[in-house]
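The values are calculated or read from the model by the stated rules, or taken from the named source; none is laboratory data. Remember, predicted model here, so these are calculated numbers, not experimental data. Cβ sites come from the backbone with ideal geometry, for glycine too, and all protein chains shown count toward neighbours. The protein model used for the area step is the full one, side chains on, heavy atoms only, and it has no ligands, DNA or RNA in it. Shrake-Rupley method; radii C 1.70, N 1.55, O 1.52, S 1.80 Å.
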Amino acid sequence: MQDEIETDEIIKDIFRRGKTCFVPRYRFQSNHMDMVRLASPEEIASLPKTSWNIHQPGEDEAREEALSTGGLDLIFMPGLGFDKQGNRLGRGRGYYDTFLRRCEQHQQAKPYTMALAFKEQICDQVPVDEHDVKVDEVLYEDTP
C-alpha cells in the first residue's frame, strides 16, 4: 500500500536468486488469506487490483498455495506501526496473525517474520491483544 515500504526490488532479487515467491491473496469477506505462488516479478503489474489498490490473483484463479506445498521460510509483514519488542499494529482484520497460526499447524517450522518499516512507524509501544503475533525482526533505517 502507499504507506508501506516498496518491495518490488526484493521480489526481483528473490527471482534472480532462483527462489520461489508467494504473495498474499486476501478474501475480503473474511480474515482469510492464502499465500499464492507468483510466476515472475513482472506478473505483479498484470494482476487485478483489489478495492485496497493491491495487486493480487483473483480468488477463482488456480494457484499453488504455500501451505499445501511445504510452507514458507520468510514472510515480510506489513503494518501501520511497530515497537522494538516485535509488536505490530496491523489494519485490524487479522489476516497475517490468522495466517501465521495456520503456518504453525501446517508446516514443521514457523516462518521467520520480518517487518519492513519507515523509522516514523517505530513507536515506544503499540496496542496488542491476545490474537496478535509478534514479528521476529523489525527492519528500519535509523540514521542520526
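Roughly speaking, what is the stretch gain from I122 to Q29, that is 0.36 nm per residue apart minus the C-alpha to C-alpha distance, in nm to one decimal? The partial results should precede the final answer.
Working: separation 93, 0.36 × 93 = 33.48 nm, distance 3.02 nm.
This chain segment gains 30.5 nm when fully extended.
When the Cα centres of the range 4-46 and the range 84-144 are compared, how far apart do they sit, in Å?
18 Å
Counting helices only, and only those DSSP H runs with n ≥ 4, report the 222 nm mean residue ellipticity of the chain as the sum of -39,500 (n - 2.57) divided by its residues, in deg cm²/dmol to the nearest 500. Walk me through the numbers before you get to the answer.
On the way: 3 runs with 25 residues, N = 144.
One gets -4500 deg cm²/dmol as the mean residue ellipticity at 222 nm.
Relative contact order for the chain: what percent, with Cα pairs under 8 Å and sequence separation of 6 or more? Walk me through the numbers before you get to the answer.
Working: 228 pairs, mean separation 32.8, N = 144.
RCO, the chain: 23 percent.
Once phi is turned into ³J(HN,Hα) by the Karplus curve 6.51 cos²θ - 1.76 cosθ + 1.60 with θ = phi - 60°, what whole-Hz value does each residue of the range 76-83 show in order, with x for glycine and proline?
So the Karplus estimates, Gly and Pro as x, are 7, 9, x, x, 8, x, 9, 10 Hz.
Hey, what do the phi angles of the range 9-23 turn into as Karplus ³J(HN,Hα) couplings, whole Hz, using 6.51/-1.76/1.60 and θ = phi - 60°, x for Gly and Pro?
Once θ is set to phi - 60°, the couplings for the range 9-23 become 5, 5, 5, 4, 5, 4, 5, 4, 7, x, 8, 9, 10, 10, 10 Hz.
With +1 on each Lys and Arg Cβ and -1 on each Asp and Glu Cβ, and nothing else charged, work out how big the dipole of the chain is about its Cα centre, in Debye to the nearest 20.
On the way: 18 positive and 27 negative charges, 69 e Å.
Here the size comes out at about 340 debye.
Which residues in the range 114-132 place their backbone N less than 11 Å from a point set 7 Å from the Cα of R101 along the Cα-to-Cβ direction?
The answer is 130-132, whose backbone nitrogens lie closer than 11 Å to the label point.
In square angstrom, rounded to the nearest 10, how much accessible surface does I14 have for a 1.4 Å probe?
Accessible area, nearest 10 Å²: 40 Å².
With a Förster radius of 30 Å, plug the Cβ-Cβ distance of S46 and L74 into 1/(1 + (r/R0)^6) and report the FRET value to the nearest 0.05. Can you show the working numbers first?
Working: r = 24 Å, r/R0 = 0.82.
Step by step, r from the Cβ atoms, then E = 0.75.
Using +1 at the Cβ of each Lys and Arg and -1 at the Cβ of each Asp and Glu in the range 57-144, identify which of G86, A115, G58 lies farthest towards the dipole's positive end.
It is G86, whose Cα lies furthest towards the positive end.
When a/c reaches 1.5 or more, the comparison of a/b and b/c decides; with that in mind, is the range 2-95 rounded, prolate or oblate per its Cα gyration tensor?
Working: a/c = 1.42, a/b = 1.19, b/c = 1.19.
Note, shape of the range 2-95 comes out rounded.
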